[in-house]
């Protein structure tokens, strides 16, 4: 790749990590997590556990990313470790669930907070509920609910797709600026709450989980924490466009995840300082309510503006990075060939960008924030589980391959990560199924994600047939 295309340096790479992680999760999920755990101590613990294992995963994938510093991320790694089929299956999951659903979920939250200022019209409840898409054994979707918010979210997805289509440098610059501003505004949020003096230190210890619900509540809350931490893998998708990727991939992953752990723990403690855990549990816009207690009537407007800034940065970071998987698949003949073409003038993967933008917009219309967030978080951790197993496979198959960075604590830390990821995946499926059977949730999010991923098997067969047919001509 020509030198002028290597435009992403260490600062920009770290900005991609931080910008892709800090988005909607920390401003939406704490309320749901508080309701699931009912304890400030356990709530803090789940944020710590989520951060530690996300960092462990980042350190594992830093070794693989430094070994294969080419555009495509996990898709490239899966092909090297497990072959074309599993590489395609990850790429398919990335396109249909992982990457597009994450962008859709973040855009949904951004639009909800923009709605605070714009007051978008919506359909009457009876009209919104009149159109339902029932998926046998998996649940029911309501595409007309929150119609005004969804249309604004679609506009955000397509607008940032256009920006990244026109210029990689512009998207990278926006990511650096929005990430710096994001850290600044989160710091203002934290200090504004703590220095208000309107909280109560007892909120940090008052609250007890309901007997018999701690395990299921912890697993469900962990999904929320993992959703908030997810996005760190995105920097590996643009490795082929990065300056000195063997050095900057591990550095940016470690720095970015540690920054986000620190920020999330601070923000969570700020919430608890002014909102008892039972009040937090009943507050879907927990950040707005927390800062309203600290700063008064103007607090809701301030926090809504801050969240809009944070989520725009997260949408941009995900949009810029994740389409590179589909782009790489197109170049390899495992997807539509036109998806692997660069724009001749802008030198961006334009076709892949628009493909992701359009599909992400359809996901916005079809789903809700919680459904999209839980679905892509589950599939992400299935991918991380097998990717971490692949690290052991690479050590066995390619012992002489250059490794500019080696996973810290190998083999113990990667093995612990594999065990934990496997436990989390199995527990989440169990939790989702029991929640659906008991009527607590309308959709089995984890199995819906797996079903969409499984559809990739016949699609792979089609592209292999097409590729062989082309070679015979």
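No lab work stands behind these numbers, since they all come straight from the coordinates. What you see is a predicted model, and the numbers here were worked out from it, not measured in a lab. Quick reminder, even Gly has a Cβ in these numbers, built from the backbone with ideal geometry, and neighbours come from all protein chains shown.
Using the alpha-carbon positions of the chain, Rg (one decimal) and Dmax (whole number) come out as 21.4, 75 Å.
Within segment 327-414, the proportion of Cα pairs with more than 17 Å between them is 69 percent. Relative protection proxy for 260-273, 26-39, from highest mean packing down: 26-39, 260-273 (other beta-carbon atoms within 10 angstrom). When peptides 367-377, 140-150 are ranked by their average number of other Cβ atoms within 10 Å per residue, the highest-first order is 367-377, 140-150. At 222 nm, what helix-only mean residue ellipticity would the chain give, in deg cm²/dmol to the nearest 500, using -39500 (n - 2.57) for each DSSP H run of four or more? For the chain, the value works out to -24000 deg cm²/dmol.
Computed extension gain for residue 244 through residue 454, at 0.36 nm per residue and net of the alpha carbon distance, reaches 72.0 nm. Helix 445-454 and the longest principal axis of the C-alpha atoms of the chain enclose an angle of approximately 10°.
Show me 77-86, 13-22 ranked by packing, highest mean number of other Cβ atoms within 10 Å first.
By packing density, highest mean first, the sequence is 13-22, 77-86.
Within segment 224-332, the percentage of alpha carbon pairs spaced more than 17 angstrom apart rounds to 66%. Spatial offset of segment 355-410 relative to segment 224-278 amounts to 15 Å, using the alpha carbon center of each.
Each label was represented as a point 7 Å from its Cα along the Cα-to-Cβ direction; for residue 144 and residue 215 these points are 4.3 nm apart.
Taking only the C-alpha atoms of segment 172-223, the Rg (one decimal) and the largest Cα-Cα distance, Dmax (whole number), read 17.7, 50 Å. For segment 315-463, the C-alpha radius of gyration divided by 2.2 N^0.38 Å, with N the number of residues, is 1.26. The modelled label-to-label distance for the pair residue 49/residue 426, using points 7 Å beyond Cα in the direction of Cβ, is 1.6 nm. Scattering from segment 53-169 was approximated by placing one identical point on each alpha carbon and applying the Debye formula without solvent; log10 I(q)/I(0) at 0.13, 0.23 1/Å stands at -0.78, -1.26. To the nearest ten degrees, helix 10-21 and the longest principal axis of the Cα atoms of the chain are 50 degrees apart. Between the Cα long axis of helix 168-194 and the first principal axis of the chain there is an angle of about 20°, rounded to the nearest 10. To the nearest 0.05, what FRET efficiency results for residue 132 and residue 155 with a Förster distance of 30 Å applied to their C-beta separation? Once rounded, the FRET efficiency stands at 0.75.
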